[in-house]
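The values are calculated or read from the model by the stated rules, or taken from the named source; none is laboratory data. These figures come from a predicted structure and were not determined experimentally. We place every Cβ from the backbone using ideal geometry, glycine too, and count neighbours over all the protein chains shown. Just the protein is used for accessible areas: all its heavy atoms, side chains included, with ligands, DNA and RNA removed. Shrake-Rupley method; radii C 1.70, N 1.55, O 1.52, S 1.80 Å.
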Amino acid sequence: MNPVDYKAAFRSAVDQIRSEGRYRVFADLKRHRGNFPHATWVGPDLEREVVVWCSNDYLGQGQNPVVLDAMHAAIDAAGSGSGGTRNISGTTHYHVELEHELADLHGKDAALLFTSGYVANEATLSSLARILPGLIIFSDSENHASMIAGIRNGKAERHIFRHNDLDHLEKLLAAAPADAPKLVAFESVYSMDGDIADIGATAALAKKYGAITYLDEVHAVGMYGLRGAGVAERDGVMDQIDIIEGTLGKAFGVMGGYIAGDVDMVDAVRLYAAGFIFTTSLPPALTAGALASVKYLKAHNELRIRHQERAETLKRRFKEAGLPVMPSVSHIVPVLVGDPVHCKLVSDALLAEHGIYVQPINYPTVPKGTERLRFTPTPFHDDTMMDHLVKTMDALWTRCNVKRHGMAA
């Protein structure tokens, strides 16, 4: 019997990805404290200054002195690590304060911290299937991989409804047993296309059929609503959502994830979720920084106003240049390329030749044939930066022979 050639198997798996033009290369960056969105890119042969156009630190909170000062103070006061899991010496007062602040942000009774938004989704959704025997989950077809993982791992009966298609959702709900526990899982802002769900209508439909709602607001918390609680706050429907999930690693500029909702639901997840129970808790510096960031953004709506203006301005500038901006009603600005090789070619040229960093988005993150560059302008991307970006993109689109039509708005 010949032994298994494990090395060859791993190499073959990587070679397959390379052959499809979607081999992922991580940009090696050094962020500049106090100078967002500028950074230094460490290339294979040189270093050069770049402007970051694809960060999920949407409001630059990762460089806010208020946040950084809180993190330094927490290190000085409490040291580095948390000491363990939340059950074993890992619950600090910073965790308790942050959970109270997040519950208040979303107008809920309680909140629960996780180490990331991914873990929050996976742990909560998989646990709900155990907490609610016979649960049937209805999931939007474009839900994030973490939501899909949680639903699958919970092994509950599941039905997928077409993206943002409430007629299809209603047909699926109507066909389910009336007395079965049901949950509708969806997102507010879908981060690759930039579209937004009709949260109020979805919640009303769920209520009609006796279902609870689970809303992922990771690409909206901090950025929508008067206090930054998300699209549900902006639309005045937070009280109609049963479970809100968010992240501390995007607009809040730090790290971590959370859920907010009814105190009994949160307590049940706390007691059942393996992804919460068996992992070391977030360290004091991170929780203190997140707490400062949440408080800051509650009081600074002007950042959200500026952020939306910057996104709309970039969409308009791209359209005026004849570049294929995909339809987006949010802060996400996707530009269609439609081919993984061309997508990486343009991205590499922007970075190496022009000091513009935007990551190519390829399959499986997006469907094949819809490969794109995903821009996320922040309040700190000024008109001069946009001038340089648009002029460079226009020239590269011609040089690389990329189509200027297709899914453009």
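What's the carbon and sulfur percent of the range 156-291's accessible surface, probe 1.4 angstrom, rounded to a whole number? Spell out each step's value before the answer.
On the way: 2670 of 4920 Å².
Carbon-and-sulfur percentage of accessible area, whole number: 54.
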Next item on the list: Convert each backbone phi in the range 295-312 into a coupling constant with the Karplus relation 6.51 cos²θ - 1.76 cosθ + 1.60 (shift: θ = phi - 60°), then list the ³J(HN,Hα) values in order as whole Hz, x for Gly and Pro.
Entry: 4, 5, 6, 4, 9, 10, 5, 4, 5, 5, 5, 4, 4, 5, 5, 4, 5, 5
Notebook entry, point to check: Cα-Cα over 28 Å: which of 108/182; 108/207; 108/295; 171/315?
Noted result: 171/315
Notebook entry, point to check: Non-local amide H neighbours of residue 375 (under 5 Å, H modeled in plane, Pro and chain starts lacking H): which ones?
Noted result: 333, 335
Checklist line | Residue-normalised accessible area of the chain, given per residue in Å² at a 1.4 Å probe | finding: 44
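Please state the shape class of the range 58-158: rounded when a/c is under 1.5, otherwise prolate if a/b exceeds b/c and oblate if not, all from the C-alpha gyration tensor.
prolate
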Next item on the list: Can you send over the carbon and sulfur percentage of the accessible area for the range 354-398, probe radius 1.4 Å, protein chains only?
Entry: 57
Notebook entry, point to check: How large is ³J(HN,Hα), in whole Hz, for each residue of the range 134-149 in order, when computed from phi with the Karplus curve 6.51 cos²θ - 1.76 cosθ + 1.60 and θ = phi - 60°, using x for Gly and Pro?
Noted result: x, 4, 10, 10, 10, 10, 4, 5, 9, 4, 5, 4, 5, 5, 4, 4
Next item on the list: Would you mind checking which residues have amide H under 5 Å from residue 157's amide H? H placed 1.01 Å from N; only 5 or more apart, or other chain.
Entry: 137
Check: Counting each DSSP H run of 4 or more residues in the chain as -39500 (n - 2.57), what helix-only mean residue ellipticity at 222 nm follows after dividing by all residues, to the nearest 500 deg cm²/dmol?
Finding: -13000 deg cm²/dmol
Check: Ignoring ligands, DNA and RNA, what percent of the accessible area of the range 63-141 is carbon or sulfur (1.4 Å)?
Finding: 57
Next item on the list: Two decimals is fine: what is log10 I(q)/I(0) at q = 0.12, 0.14 Å⁻¹ for the chain, from a Debye sum with one equal scatterer on every Cα and no solvent?
Entry: -1.04, -1.33
Notebook entry, point to check: Considering the dipole of the chain built from charges on the beta carbon (Lys and Arg +1, Asp and Glu -1) around the Cα centre, which of 43, 160, 92 is farthest to its positive end?
Noted result: 43
Item checked: Partners for residue 319 among lysines (Cα-Cα distance below 22 Å; same-chain residues under 8 apart left out) -> 344, 391, 403
Notebook entry, point to check: Dipole of the range 90-161, Cα-centred, from +1 at each Lys and Arg C-beta and -1 at each Asp and Glu C-beta, to the nearest 20 debye?
Noted result: 440
Notebook entry, point to check: What is the log10 of I(q)/I(0) for the range 352-409, computed with the Debye formula using one identical point scatterer on each Cα and no solvent, at q = 0.18, 0.22, 0.24, 0.26 Å⁻¹?
Noted result: -0.80, -1.13, -1.25, -1.31
